[in-house]
1. Does the range 44-59 contain at least one residue that is among the β-branched types (Val, Ile, Thr), under 21 Å from LEU9 (Cα atoms) and modelled with pLDDT of 85 or more?
2. Confirm whether PHE55 is without any contact (Cβ under 8 Å) to a residue 40 or more places away in the chain, surrounded by 12 or more Cβ atoms within 10 Å (Cβ to Cβ) and not in a helix (DSSP H, G or I).
3. Considering each residue of the range 20-45, count those that are surrounded by 13 or more Cβ atoms within 10 Å (Cβ to Cβ) and under 21 Å from LYS56 (Cβ atoms), and give that number.
Amino acid sequence: MDERSLAALAAEHARDAEFVARLKAIPTEAFPEQDSMSHEVMLRTLQQNLDNYAFKEFEMPVSQMQARMWALPICRCRCRSIR
């Protein structure tokens, strides 16, 4: 399964949701400050991923800032000049 297929993205979303539930169940009162902050950052990051999934950004067209293909013509031009 391709890592960017709709099925793979849905599976990743399900894993994130499961991990958020597990992460929320961890009591952090006895954690040192740094560990507590790391827990909060991880939880916020995963929650943001879950929230973003509803907007279906993965269905948006690729922009010039996201496209990997922009590197290919540059690479080809440089390879031609090297020969």
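1. yes
2. Working: without any contact (Cβ under 8 Å) to a residue 40 or more places away in the chain: yes; surrounded by 12 or more Cβ atoms within 10 Å (Cβ to Cβ): no; not in a helix (DSSP H, G or I): yes.
So PHE55 does not fit the description; no.
3. 1
The values are calculated or read from the model by the stated rules, or taken from the named source; none is laboratory data. This is a predicted model, so every value here is computed, not measured. Ideal geometry is used to build each Cβ from the backbone, glycine not excepted, and the neighbour counts take in all protein chains shown.
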